[in-house]
Each structure stands twice: as structure tokens, then as C-alpha cells.
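The values are calculated or read from the model by the stated rules, or taken from the named source; none is laboratory data. Source: prediction; values computed, not measured. For neighbour counting, all protein chains shown are included, and Cβ atoms are generated from backbone atoms with ideal geometry for every residue, glycine included. Surface accessibility is based on the protein's heavy atoms, side chains included, excluding ligands, DNA and RNA. Shrake-Rupley method; radii C 1.70, N 1.55, O 1.52, S 1.80 Å.
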Amino acid sequence: MIPTLEWLPEGINFLDQTKLPLEETYVLATDYNQVATVIRDMIVRGAPAIGVSAAMGVAIGIDRSTATDLKALTAEVAIISRTLAETRPTAVNLFWGIDEIRNLFNELAATNTPIPEIKAAVVAKSRRMYDEDIAACKQMGAHGAPLLPKEGTVLTHCNAGALATCGYGTALGVIRAAIEAGHNIDVFADETRPFLQGARLTAWELLKDNIPTTVLCDNMAAHLMSKGRIQAVIVGADRIAANGDTANKIGTYGVSILAKEHNIPFYVAAPWSTIDLATAYGDLIPIEQRAATEVTHSNGKQMTPHGVAIENPAFDVTPAKYITAIITERGVLYPPFTQSIQQMDKHPSASELTPA
Ligand code: MRU
């Protein structure tokens, strides 16, 4: 399994995803500010991995604090949480990860738990969240595998794999599980301009697992769909609104429209922590704007004329109407998503809700 991130006695070790596929190097974060930089600079990326990194970031901040009383430590936790929350706005898992640790801290502080015990508890919880993320990916795989074709090519966009999680992946986890169950699946990986998560990361991790993978430029899917070369699409998610509208890497929305036009099923795979019940619909999801240089430059080389205007939204929103099903660790959600999400929220253990 690829160690995307790892809690070590000396700090949190992150596989530097900006250097892949050419270099496999690690960045050690020894304090919460360094964890914030690692998230902001996309050394670690992908919603579930960001969520656990943020949780570990709060935990390392508390663990390394020199505060001697709970009042001072509580004030520090507010600063730590704010610093991590300001790194990236779209993936709701970031805020979920911070809240999980902060809520535990608040509970323990409210009962005057000694600081060393609090430190041990928050570190242990953040490390458990790592294991739970891998378990959730495996569950998504089990629920989602039967939806994929027994034989055929599945298109994915961005990287929703082991690298975007603590291991196994969401969308790529479903593909892995289908292959483990005997499906004969090839993968088309959209290159995913401008950060090239598909060309660099999805291709890298699938080749490591000997899964047949072909990289496509982002403008090739329509042609290949029209020729019957794509049997299903599966992507991850950064935030799913209460009505099923789904924010994911820029370009996903276009792929969903193409899939609809060609009658190809379009699946989203994401842990429950990606569902944001507080956001009613997709237009309310904040979309991160990233630096123009990601578009103007490729591999350090300028590709566009000096002074040209640049847009660089990092995500777009796929309306729920284009989504065939949402695969979570709790089971598979079908339209109408407003109802199926509410039902699964109330009955988390319901393993499968049948299509309406
Ligand atoms: O900007 P990134 O690389 O963090 O964006 C990642 C994506 O959009 C993924 O598809 C999403 O986070 C799901 S990862 C399981």
C-alpha cells in the first residue's frame, strides 16, 4: 500500500505528491504550521487525505503545545484550527477533520482532563481516523464494485485513489475492488489539467498495481464515448451538497454531461464525511481559485504569452441530475438524493438503499 501520509514519533510524514511520478520523496511536518503548508501546497491532496491530515495537524498542534493550563491550551487550539481551516476551502473533509479533534478536545477540557491525557487521546483519535479512512475505502469498494461493468473501460477524472486517501482510494478503490472480484476492467485516466492529477498520480498508482491504464487529454472523452469506448465513469468528490450536487476537480462537470449524452453511467464515490448536510445545493459550495502560474506554466516552463488573463478554478459542481449513484461506505445512494441522503443519515447502518 502506498503510504500517502504516516504518523511517526518525529512528526507526520507526507509523500510529496507535487514531485510524482518522477521522484518518490517525503516531507516531514513537525508542527501544525508545517501541516498547513503541506495541505495548501498540495504536497498532500484529495479530500479524504486532506481530512485526516487536518485532524493530525490539530493533534500535533495540541501534542507539541507547551501550554501548562487548559485555558492557554484552549486558546491555542482555536489558533491551530483557524490556521488549518484557511488552507483550502472546497473539500469539506478538511473542516470535518478539524472538528473531530477539536470536539474531542472540548469534551475532555470540559471535564478538566489532565493535559497529558488530552494529548494522548487526540493523537490516538487522529491515528484511528487514518485506519477508519482505509476501512471506509474498502467498504466503498465492496458496495461499488458490482456497479462497474464485468468487462470494459472505465473513465476517471483527477486522482481519487490511494494517494487521495489514507490508502486504497474512493473511485479507484471501487475499480480495484471490481478487478479483485474478477471484472476485466481497463482505465482511462483524464490528464486533469492544470495540476495533472490524472496523468501524474492516477497513472502512477494504477501502474504500480498493474491495472491497465491509458492517459487521455481532457478533451478526448467525448470522441471516445461516441465510439463506444467507455462503459462507465467514476470520480471522487470534495463536497456533496444535501441535494447530491457534487463538487469535484475542475472538468468533472463536463465529463458528467458527456456521460449523460452517451447514456453512460456516472458514479461518484466518497466517504460520508464528504457529504455536507449544511450546504443545501451546489451553488453554495465555495470553489477554490488557485494561482495563475498553474495554468501559465508547465514543468517550470511558460506556455502562455506574458500578460494574458488567466482563470484557474480548481473545482466545479456536477448537478445531481447527472449522477447515476453515489457510493459511500454506508451503501449506495440513488436519486432523488435529497431523500436518499436524509434516509441514510438517519439510518447509517442501512447497507443498500434500492433505486427509487
Ligand atoms: O485539488 P485536489 O487534487 O485536492 O483535488 C482532488 C479531487 O478533486 C478528488 O477527486 C477528490 O478530492 C476526491 S479524492 C478521493
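Observations on the model:
Conditions tested, residue by residue: (1) assigned to a loop (DSSP other than H, G, I, E, B); (2) hydrophobic (A, V, I, L, M, F, W, C).
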site: 66; (1), (2): yes, no
site: 71; (1), (2): no, no
site: 75; (1), (2): no, yes
site: 83; (1), (2): no, no
site: 97; (1), (2): no, no
site: 119; (1), (2): no, no
site: 123; (1), (2): no, yes
site: 127; (1), (2): no, no
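- Residue check, residue 311 under 28 Å from residue 225 (Cβ atoms), open to solvent by 50 Å² or more (accessible area, probe 1.4 Å) and modelled with pLDDT of 95 or more: yes
- Residue count for the range 208-235 under the criterion of being part of a loop (DSSP other than H, G, I, E, B), in contact with a strand residue (DSSP E or B) (Cβ under 7 Å, 6 or more places away or on another chain) and either open to solvent by 40 Å² or more (accessible area, probe 1.4 Å) or outside the structural domain of residue 318 (by TED's automatic domain parsing) (or both): the result is 4.
- Some residue of the range 221-234 being within 14 Å of the ligand (Cβ to nearest atom), in contact (Cβ under 8 Å) with a residue 24 or more places away in the chain and of a type in the set (D, E, K, R): no
- Pick from the range 176-204, criterion assigned to a helix (DSSP H, G or I) and more than 12 Å from the ligand (Cβ to nearest atom), ranking: most open to solvent (accessible area, probe 1.4 Å): 180
- Residue 82 vs. criteria among the basic types (Lys, Arg) and either in the same structural domain as residue 249 (by TED's automatic domain parsing) or within 16 Å of the ligand (Cβ to nearest atom) (or both): no
Each row is one residue, and each column tells you yes or no for (1) away from the ligand (no atom under 12 Å from the Cβ); (2) in the same structural domain as residue 95 (by TED's automatic domain parsing); (3) open to solvent by less than 50 Å² (accessible area, probe 1.4 Å); (4) not β-branched (Val, Ile, Thr).
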| residue | (1), (2), (3), (4) |
| --- | --- |
| 243 | yes, no, yes, yes |
| 247 | no, no, yes, yes |
| 267 | yes, no, yes, yes |
| 279 | yes, no, yes, no |
| 291 | yes, no, no, yes |
| 294 | no, no, yes, yes |
| 304 | yes, no, yes, no |
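- Within the range 125-137, residues that are at pLDDT 95 or above have Cβ atoms under 8 Å from residues that are among the aromatic types (Phe, Trp, Tyr) in these pairs: 126/7; 127/7; 130/7; 134/168; 136/272; 137/168, counting only partners at least 6 apart in sequence or on another chain.
- You will find that of 113, 37, the residue that is of a type in the set (S, T, N, Q), more than 16 Å from the ligand (Cβ to nearest atom) and surrounded by fewer than 17 Cβ atoms within 10 Å (Cβ to Cβ) is 113 and no other.
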